[in-house]
Amino acid sequence: MKDRKEAEKRIKKLREEINRYRYQYHVLDSLEISEAALDSLKHELYELEQNDPDLITPNSPTQRVAGEPAKGFKKVTHQERMLSLEDVFSLEEVESWLERIQKLQPKATFDFYADPKMDGLAVTMIYRNGRLEIAATRGDGTVGEDVTHNIRTIEAVPLQLRTPTDGEVKKFIKKHEDQIDTQKAEATLRAHQGRLEIRGEVYMTKRQLEKLNRDLKKRNQPLLANPRNAAAGSIRQLDPKMAAERGLAFMAYGFLGDHGLDTTEARYDALRLIGFPVNAHGAYCSSIKQVHSLMVSVGRKRDALDYWIDGMVVSLNDRKLLSDLGVVGKTPRGMVAWKYPAEQGTTIVREIRVSVGRTGALTPVAVMDPVTLAGTTVTHASLHNEDEIKRLGLKVGDTVIVEKAGDVIPKVIQVLPNLRTGTERVFKMPRSCPICGSDVRRGAGEVATVCTNKGCFAQELARMLYFVGKSAMDIRGLGEKIVEQLIQEGLVREEADFFKLTPGDLEGLEGFAEVSAKKLVDEIQSHRQVPLARFINALGILHVGEETARDLATAFGSFEELRKATKEELEEVDGIGGKVSESILEFFRDPKQSERVDHLLEVVTPEQIRSRQFASHSPLSGTSWVFTGSLASMSRDEAKAKVRALGAHVTASVSKKTDYVVVGEDPGSKAEKAKHLGVERLSEKQFLDRI
């Protein structure tokens, strides 16, 4: 604030609020904002006073004394998906998670292993007969990048697995003999035969980051923002010498393979024995109470640790139980990430801009004074929609609390109205599209305000960028500037046009020469064959994202089957409700969208799901199934997926056309209806035998 009078007013308001919060915290033992937000207000006051030192008063709160795979990297398909974790933020949420999985496995005994959640880059490493063969990043969970050359530079990663001493092996077997296959485990520890997969986190220590930044500063080079970004950037260097200079570290947390280690605790102990560092603060916990105690204990040491952590990973100790509970979407049921409170800060909203997305939805975005959260400088935060602005009571010019948890987009979570000066302005959603000027509408019961012009340039650009993006076709080199240029030049009018580009089309454009033009065209052409799930996601169907696209691909097996699916068939897929099914049907009914898809299919081949290719030869091909009640060995969704993969159909209701009804525990009325209609009923054991 350059104006002195404005600065005086702001300083006065800040001092009043900081003193009020100080009283709440120290006297009432109750603070209505986070400590991080309060620290941010204090920092702002300090900065303002430093700019105008004569405004500093002895009683000011500041005056207390002592008080996408990158170019050049090969793709690697993970044999077992690298899953994400469900986040929980309180003891109540952890207890709710435990209650949910106990209902699925009521006879099971639950104990746990808790390990600090490192804030770095997840990688997986394949060892063959004890020797490092390949290392890869997580990528999208299914396909990552080959970074073996950089992982080899990390001294914490053994190139050859360590062989424990006889005494170490005997001690290990004695500790875990009731919970492991001792013969397999001993063979794994002593000989390392076959394929073993180790997963863990590459990270940079705080001390190493400080040292690196000192060196970069001397060379007048840009400094690294935080250890997480530094680790990720280092691993994705094409030159391994640069990665080696960064001084990265590693901690292991996952051990896959036929090793006979049936508890999480045994796997961590084994990782130590074969040469991997694991976090010293991880521990076995017999109850959630013990997990909570460990969470609190580690939290107290968090700032003193030489690396970043943002929570604790809580896993079931029994690996068979964890496997039996299965996966929901992209998260395993038997694991959660218990996060520490997200980092927060305060800033001022100077402007609210409106962007237009690929579906035409208008999204208000807060433009704020820079605020540092989790080591990154934040200046923008999505406000989602008009209702969210009203819920917050936000005005342009307000002081707000902004939160950023991990890599989540920054979010405005609270307005501080007592800091208002009277100059704040109410925001109103525009009545016309800020890009094309067309009318906007908000349907009854909808939260989104949408541009009515389906040919709106902003929508076209967003749709094209989504199509070529990392979670869709994953075509490298097609950034926003280039795609916008291709559209404006008339070279690309729809998605299929990307595949018709020639080097000659590009050579005349800004930024392209003969070599770069050919390189981009070759990259595009290499994507003519694409996994079915990516193809479905790339179409940009409203309400169909990455996970839903994967579910649809698994359920229908081919794009042709999906395209002709009925509403009832769509809603048989886990997670597909009426709103999503109607959106899919509307997309395929739209003549313009249908034409775009036809043109795209002329140049791109979506791969069929392999299991579907053999489904026609299955004895179950063409049969109709209904499931009722809960199953002990798998979830109903997993059971449905198994019969679909064998060519069968799954329906929601029993009729004379139904061939089999699988009856689990606590079945509904479907079991009685099947008996009445004479439909064959199968117990869970009979079902497993049949498939």
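Just a few scattered comments:
- By the beta-carbon count within 10 Å of each Cβ, the least crowded to most crowded order of Lys174, Lys673, fewest first, is Lys174, Lys673.
- Working from label points 7 Å from Cα in the Cα-to-Cβ sense, the Lys75 to Ala108 distance is 3.4 nm.
- Exposure proxy shown here: for His78, His43, the number of other Cβ atoms within 10 Å sets the order, fewest to most, as His43, His78.
- For a label point 7 Å along the Cα-to-beta-carbon line of Ser432, residues of the range 368-398 with backbone N under 17 Å: none
- Taking the chain, the Cys residues with no second Cys beta-carbon under 4.7 angstrom are Cys285.
- Burial ordering of Tyr268, Tyr466, fewest other beta-carbon atoms within 10 Å first: Tyr466, Tyr268
- For the range 458-474, putting each phi into the Karplus relation 6.51 cos²θ - 1.76 cosθ + 1.60 with θ = phi - 60° gives couplings of 4, 5, 4, 5, 5, 5, 5, 5, 5, 4, 8, x, 4, 7, 10, 6, 6 Hz, in residue order, rounded to whole numbers and with x for Gly and Pro.
- Restriction of the GluC sites (Glu not before Pro) in the range 442-522 to DSSP coil positions whose beta-carbon has at most 13 other beta-carbons within 10 angstrom yields Glu446, Glu489, Glu510.
- A Förster radius of 45 Å combined with the Cβ-Cβ distance from Lys656 to Leu542 puts the calculated FRET efficiency at roughly 0.80.
- Distance from the range 159-238 to the range 496-550 (C-alpha centre basis), Å: 36 Å
- Put a dot 7 Å past the Cα of Ser471, heading toward its Cβ, do the same for Arg350, and the two dots end up 3.0 nm apart.
- Gained length - Glu484 relative to Glu602, 0.36 nm times residue gap less alpha-carbon distance: 40.1 nm
- Residues whose amide H comes within less than 5 Å of that of Val147, counting only those at least five positions distant or on another chain, are Ala135, Ala136, Thr137 (H built at 1.01 Å from N in the peptide plane).
- Once backbone amide H atoms are built at 1.01 Å from N, Lys117 has Asp310, Gly311, Met312, Val313 as its partners under 5 Å, excluding neighbours fewer than 5 places away on the same chain.
- The charge dipole of the range 343-441, taken about the Cα centre with unit charges on the Cβ atoms of Lys, Arg (+1) and Asp, Glu (-1), comes to about 320 debye, rounded to the nearest 20.
- Anisotropy class of the range 78-339 from Cα gyration tensor, a/c 1.5 cut: oblate
- Residue by residue, the range 475-480 carries 3J(HN,Hα) couplings of 8, 7, x, 9, x, 4 Hz when phi is fed to the Karplus relation 6.51 cos²θ - 1.76 cosθ + 1.60 (θ = phi - 60°); x denotes Gly or Pro.
- Rg over Rh [alpha-carbon atoms, Kirkwood Rh] for the range 506-645: 1.08
- Of the trypsin sites (Lys or Arg not before Pro) found in the range 505-542, the ones in coil according to DSSP and having at most 14 other Cβ atoms within 10 Å of their Cβ are Arg528.
- Subtracting the Cα-Cα distance of Lys171 and Glu197 from 0.36 nm times their residue separation leaves 7.0 nm of extension gain.
- The count of lysine pairs in the range 452-533 with alpha-carbon distances below 20 Å, taking only pairs 8 or more places apart or on different chains, stands at 7.
- Estimated translational D of the range 588-691 in µm²/s (Stokes, Kirkwood radius over Cα pairs; 10 °C; 1.306 mPa s): 102 µm²/s
- Normalised by the number of residues in the range 457-527, the mean separation of alpha-carbon contacts (under 8 Å, six or more apart) gives a relative contact order of 29 percent.
- For the chain, a simple Cβ point-charge model (Lys and Arg +1, Asp and Glu -1, everything else neutral) yields a dipole of about 600 debye relative to the Cα centre.
- The range 70-146-the range 422-494 distance, computed between alpha-carbon centres (Å): 35 Å
- In a fully extended conformation the segment linking Thr182 and Ser297 would gain 38.0 nm over its present Cα-Cα distance, using 0.36 nm per residue.
- Prolate/oblate/rounded label for the range 457-527 (Cα gyration tensor, a/c 1.5): oblate
- Those trypsin sites (Lys or Arg not before Pro) in the range 190-227 that DSSP places in a loop and that have at most 12 other beta carbons within 10 Å: Arg219
- Sum of -39500 (n - 2.57) over DSSP H runs of 4+, divided by residues of the chain (222 nm, nearest 500): -11000 deg cm²/dmol
- In straight-distance terms, cross-link reach from Lys579 covers every one of the lysines whose alpha-carbon lies under 19 Å from its own, apart from those fewer than eight places away in the same chain; here that gives Lys564, Lys567.
- Distance between modelled label sites at Glu665 and Asp54, nm, 7 Å Cα→Cβ extension: 7.9 nm
The numbers here are math on the coordinates, done by the rules we state, and not lab data. Just so it is clear, the structure is predicted and the values come from calculations on it, not from any experiment. Here the Cβ is made from the backbone with ideal geometry for all residues, glycine too, and neighbour counts use every protein chain on show.
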